[in-house]
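Heads up, the thing below is written out as structure tokens.
The values are calculated or read from the model by the stated rules, or taken from the named source; none is laboratory data. Quantities reported herein were computed from a predicted structural model and do not represent experimental measurements. Please note: Cβ atoms are built from the backbone with ideal geometry, for glycine as well, and neighbour counts cover all protein chains shown. Surface areas here come from the heavy atoms of the whole protein model, side chains and all, with no ligands, DNA or RNA. Shrake-Rupley method; radii C 1.70, N 1.55, O 1.52, S 1.80 Å.
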Amino acid sequence: MDKPYDRLDGVIWYDGKLVPWTEANLHVLSHGLHYASCVFEGERAYAGDIFKCSQHSERLRRSAQTLDFEIPYSAAEIDAAKRLVLEKNGQKDAYVRPIAWRGSEQMGVSAQSNKIHLAIATWQWPSYFDPAQRLKGIRLDLADYRRPDPATAPTQAKAAGLYMICTISKHRAERKGYADAMMLDWEGRVAECTGANIFFVKDGKIHTPIADCFLDGITRRTVIELARRRGIEVIERRLMPDELAGFPECFITGSAAEVTAVSEIAHWRFTPGLLSKQLMDDYSAEVQPKGKAAAA
């Protein structure tokens, strides 16, 4: 991207009104910045339609409630605001980012009277990974940091603070030439990548970790449903790293990553195959607004 994100053109929906992009600012003493009392969503619009828009808005509100605050807008109001921003920015295929946070009325751990802000931005964003690599397979490092015990963090919220170890892990992976990193959980079991869920294939069946200490992604649930429509068995279970040598195929899913094949995780090797390709194609068809895909 030629410009930094705070200098893009367009408008952002901010606390109920549209403001010019460069004026959508907050104070440096906002609680959300200092204490991570901030939740967000990552969504994509395809041909002018935001995929699973309401599910994302509902999850945003649940995430805020998990962090002990209420977003002062209903899911339907958030849906309408997202669509308005997309329209005003003249975008059809775009990334959509709603974000809610505690403001600056109090500065300290306790901030129960702080105003809750909500902003929504949309921007053009190409594939998260190099399109040529999505079927060939990306390379993943094995992260040092692990997903925390659910008793120690609000792991089912899409909360800003939970991504601190993801940024560190992805930076370390990229410096070593990898595209991303796979994280284990606090007990050493396979969990997810830094911003995507992970799946493995063996004997025509799909295996994926139980999402109890990390986000059960909306794309994850979509791909599981797509596989089951084709009669493919999907097994959600505990997976240990020493099992990875027995899986010939691996892929990851997420709103940003969509469906992307994996060729390598540390010293484990995989060969992207027909099942990964089929789910890539099925997902691409699923995200297109019904009626528009046929006309395209």
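A few points about this structure:
- Cα gyration tensor category, rounded, prolate or oblate, for the stretch 197-243 with a/c compared to 1.5: oblate
- The chain: angle of helix 53-66 to the longest principal axis, Cα-based, in degrees nearest 10: 70
- Stokes-Einstein translational diffusion, the stretch 7-59 - Kirkwood Rh over all Cα pairs, 0.890 mPa s, 25 °C, in µm²/s: 182
- Whole-percent carbon and sulfur share, accessible surface of the stretch 29-131, 1.4 Å: 50
- Length, then width, then depth: along the principal axes, the Cα atoms of the stretch 203-296 run 47, 28, 26 Å.
- Listed residues Asp242, Asp15, Asp141, Asp6 arranged by accessible area, highest first, probe 1.4 Å: Asp242, Asp6, Asp15, Asp141
- Tilt relative to the chain, helix 218-229 - C-alpha long axis, 0 to 90 degrees, to 10: 40
- P(r) histogram, all alpha-carbon pairs of the chain included - 10 Å bins from 0, percent: 6, 26, 34, 25, 8, 1
- 3J(HN,Hα) from dihedral phi, the stretch 283-289, Karplus parametrisation 6.51/-1.76/1.60, rounded to Hz, x for glycine, proline: 5, 4, 6, 5, 7, 6, x
- Lys, Arg +1 and Asp, Glu -1 on Cβ, resulting dipole of the chain about Cα centre, debye, nearest 20: 360
- When the charge dipole of the chain is built from unit charges on Cβ atoms (+1 for Lys and Arg, -1 for Asp and Glu) and taken about the Cα centre, the candidate among Gly48, Ser30, Gly108 whose Cα reaches farthest toward its positive end is Gly48.
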